[in-house]
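Everything below concerns the one structure shown next.
The values are calculated or read from the model by the stated rules, or taken from the named source; none is laboratory data. Everything numeric in this text was worked out from a predicted model, so none of it was measured. With ideal geometry, Cβ positions are generated from the backbone for all residues, glycine too; neighbour counts draw on all protein chains shown. These area figures cover heavy atoms from the full protein model, side chains too; ligands, DNA and RNA do not enter into them. Shrake-Rupley method; radii C 1.70, N 1.55, O 1.52, S 1.80 Å.
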Amino acid sequence: MADETLSHPDASRTPHGSAFDAVEQGPRRSDEPARDLASVPTAVPSHPSVAALRAVFGEAIGAHQLHAGDQHVVFVDAARIVDVLEYLQQDADQQYAFLLDLTAVDYGGGKPIQVVYQLWSMAHHRSLRVKVELPLNALDVASVVPLWKTADWLEREVFDLFGVTFTGHPDLRRILMPENYAEGHPLRKDFPLRGRFSRAEQTRRALGLHVEDNYTDFEMGVGRDPQLVAEESDGSLPGDAPRAAPDAAPDPAGDETSAAVPQAESE
Amino acid sequence: MSIRTVEYAVGRTPEMGVDGRPAYGPMAPVDLPEPELGSEHMLINIGPQHPATHGVLRLVCELDGETVLRVIPHIGYLHSGFEKLGEYRGWNQVVPLTDRMDYLAPLIYNCAYVMSVERLMGIEVTERCKVVRVVLMELDRIFGHLLWLGTTAIDVGAFTPFLYSFQEREKIYTLHESLTGARITTSATRVGGMMADLPEGWAEACRKFVNELPRTLDEVDYLLTTNAIHLGRTQDVGVISADDAINYGFTGPNLRASGVPYDVRKDKPYYDYETYDFDVPVGEHGDCYDRYLCRMEEMRQSIRIIHQALDRLPDGPIDIDDPNVVLPSKTDCMNDMESMIHHFKIITEGIEAPVGESWFSVEGSKGELGMYVVSDGGTKPVRWRVRPPSFVNLSVIPKLAEGHLVSDLIMINASLDIVLGEIDR
């Protein structure tokens, strides 16, 4: 998507001045220690599923970590994640029937984004967290919707908030943010807390929405002649005034139409 | 593990169709040959501002006559970016965000969050704190279910249970208020303990409440459980099988109504839940009526747990004895310099969690509530993620409502017990 090209319109001159800077940074220790994410626990007790995974998938299974006392985390090669999860779900010795959670973690600083699958095996009373690391320049991974229907909305949420593309997802579109949201993916570390656009621009975009922007293409086609829908490729309703380009919200005053384009505003 | 199947007060209609729907009945779609009316499908938008959607939820329905062919939920109208906000706050400052998610059972969210952080930090809270948190979580389970009971009954035309249940909720509000000073946004927990210990007489007031509650439950039971209209509106509406329920990620009473005896309190016990004597109600049919029965029974089981917890409520401190995590008392701060400095350091710089992560779940009133916290060793989370039970439960509504009438869609939506604050976060 083109979101990555956007930048904050001059972060040093936010409309609210510097009074909120401390809020945005949050608490920090005065004698801040050096952070080392690699210092994870080393002595890891064995987990029956991880041992089985290593036997079946070999090289595709990466590091095995233990967190918070009893929580096992295993890293898996992104290319094999569906095979691994299908094995964990189907194999009689694993039976992870529950996909309890699917989320992502961005550590920031250019580190890869982790997609996290939290599994629970009701048959064996076992839980396992499977992780996939995706470099920032290749944020796509196969969808697990064919295995678990519950992944549908969870993957849409990760796509919406982190920008990870799940290939093979039946209906991958934004879920929490509006469909026409152009500021990027909010839970990424490079996304500023107050958003990329100014408050005025955000308000203007919200007020500039057409009614039909709130409907998907499928919904707009319900009960209408398919041929007619195909002809109105811009999605406007019959009788509506012709619309401007979808990204540029209509400007009632008619002045400074170039301000609607975010790239222009950041200069 | 004691699992109990809910008992049916009335027989179910014997003339059940092969597809799991009654062969007749006022609320069931009638399988008559479709007359050639030349009609076209219709798009109906319900919400986001509609009382029957239980929040700012928007459902776009494709209808054939009055039959729902497809439902497409649109959410996000209440999105507040809580998870993003949490990344800019100290570990304890996140607590006020948690109760704003599920304002119908805020204490469960307060407790679940700090429990996850305590796991991450390797903190074992005091015995008294454990029991107090169990009481509060069970109290708020009743709190959430009572709201569900009232609003669901009113959706299918029963006004009285709404009044009864809100009268009881008012008493829980009072208990919240005397404990935390707030009625909804409780923010009662802190890492390593509680905001404050139980005030004088709170345990007795709570005991009085749980002693009186069964009478109201009996009254509502009498009004709804065998009520012909309620049965017609709920039985065999929104059916989901056990396998589908697991695959779609149902948890909580919704899952148990389909016959899967999965309860986090039994399967992954925390806070000594294995030592409490309580049953997990399990349904058979996975329809709206079974979800109703499961929740009604869960409230009675929560009452049992609260009685046992109040019986064993130990004396002693409620906070752990760790000056790196817990604030010194205000009296100490005002009287000696060390405590004053210590208080200042914790407030201004926050507490530190070790490098690592923790995914911890409790049995919330809506389902399995997971809290995932990731730390890089700093004073605030790198990532704070809530596994929102109603979010996952709501994603099933297109499957549940397909083929039902629009009025059934309202009942199905109500029976899922969603709260939009937590879905949109």
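Listed values, structure above:
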quantity	calculated
Test set (1) within 14 Å of chain A (Cβ to nearest Cβ); (2) open to solvent by 20 Å² or more (accessible area, probe 1.4 Å); (3) in contact (Cβ under 8 Å) with a residue 24 or more places away in the chain - B:Leu147 fails condition number	(1)
Matching residues, the range A:166-181, being surrounded by 17 or more Cβ atoms within 10 Å (Cβ to Cβ) and more than 10 Å from every other protein chain (Cβ to nearest Cβ)	A:Phe166, A:His169, A:Leu172
Qualifying residue in the range B:86-95 (condition: more than 14 Å from chain A (Cβ to nearest Cβ) and hydroxyl-bearing (Ser, Thr, Tyr))	no
Matching option when the condition is among the basic types (Lys, Arg) and under 21 Å from the mean Cα position of the chain (by Cα), among B:Arg233, B:Arg207, B:Arg215, B:Arg190	B:Arg190
Residues of the range B:329-352 satisfying the condition of being surrounded by 17 or more Cβ atoms within 10 Å (Cβ to Cβ) and over 33 Å from the mean Cα position of the chain (by Cα)	B:Cys333, B:Ser339, B:His342, B:His343
Among residues of the range A:96-151, those that are more than 11 Å from every other protein chain (Cβ to nearest Cβ) and touching a Gly at 6+ places or on another chain (Cβ under 7 Å), counted	4
Test: residue in the range B:182-194 that is open to solvent by 40 Å² or more (accessible area, probe 1.4 Å), assigned to a helix (DSSP H, G or I) and free of Cβ contacts under 8 Å to residues at least 12 places away in the same chain	no
Residue in the range B:45-65 that is within 17 Å of B:Gly370 (Cβ to Cβ) and either at pLDDT 90 or above or among the acidic types (Asp, Glu) (or both) present	no
Residues satisfying the stated conditions in the range B:276-291, i.e. out of contact with any helix residue (DSSP H, G or I) (no Cβ under 6 Å at 6 or more places or on another chain) and assigned to a helix (DSSP H, G or I)	B:Asp290
Scope the range A:65-93; condition surrounded by fewer than 18 Cβ atoms within 10 Å (Cβ to Cβ), out of contact with any Gly (no Cβ under 8 Å at 6 or more places or on another chain) and within 14 Å of chain B (Cβ to nearest Cβ); matching residues	A:Leu66, A:Asp70, A:Glu86, A:Gln90
Some residue of the range B:303-318 being under 27 Å from B:Leu416 (Cβ atoms), out of contact with any Phe, Trp or Tyr (no Cβ under 6 Å at 6 or more places or on another chain), modelled with pLDDT of 90 or more and not acidic (Asp, Glu)	yes
Tally, over the range B:213-246, of residues that are free of Cβ contacts under 8 Å to residues at least 24 places away in the same chain and either more than 19 Å from B:Asn413 (Cα to Cα) or charged (D, E, K, R) (or both)	5
Elements of type helices (runs of 4 or more DSSP H) contained in the range B:209-260, each with 2 or more residues being within 14 Å of another protein chain (Cβ to nearest Cβ) and buried (at least 21 other Cβ atoms within 10 Å of the Cβ)	B:242-247, B:253-256
